[in-house]
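Take a look at the structure below.
Read-outs throughout are calculated quantities, based only on the coordinates presented, and are distinct from any laboratory measurement. Quick caveat, the model's predicted, so the values are computed rather than measured. Here Cβ is always computed from backbone atoms with ideal geometry, including for glycine, and neighbour counts include all displayed protein chains.
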Amino acid sequence: MRQTIHHLRVHARSRGLFEFTQEVRAFVRESGIGTGLLTLFCRHTSASLLIQENADSSVRRDLERYFDEIAPEDPQRYEHDTEGPDDMPAHLRTALTQTQLSIPVEYGGPLLGTWQGIYLFEHRRHASTREVVLHLIGE
């Protein structure tokens, strides 16, 4: 049994979904581990991780609009606003999604479905570089 870890930086230009599937595939391929379990962990409280369709960009736009509706920026609505009006909505959006993913690995690659991609879901309006830790264990 072997394991390896990598700190991946994902650049988000603004709020939204940013795919980094290819970087994950490259990490798994370069690890030399053929079968195992890949864990991804987002080290932030205002960004999250999603596995989502990567063929039709309207899916991402619809998701972003939905989260705008359920966790809107509204200064009258929240007590916490330390980093501005998008601060608390970003925390709510993270709480409703996930900061960790587990993906099986077989034949040297993540076992994603045909139309699945791995995304950082940035919940703040400004550009950010986010850190996602990749941990792969297997043989």
Dipole magnitude (debye, nearest 20) for the chain, charges at Cβ of Lys, Arg, Asp, Glu: 400 debye
Of VAL28, VAL59, VAL105, the one that fluctuates the most in a GNM where the chain has Cα springs shorter than 10 Å: VAL59
For segment 69-139, the Rg and Dmax computed from alpha carbons only, in angstrom: 16.5, 53
Rg in Å to one decimal, and Dmax rounded to a whole Å, for segment 19-94 via C-alpha atoms: 16.6, 52
Relative frequency of Cα-Cα separations exceeding 24 Å in the chain, percent: 33 percent
Length-normalised contact order of segment 2-138 in % [C-alpha pairs under 8 Å, at least 6 apart]: 55 percent
Spacing of the two label points (7 Å from each Cα toward its C-beta) at HIS6 and GLU53, in nm: 2.9 nm
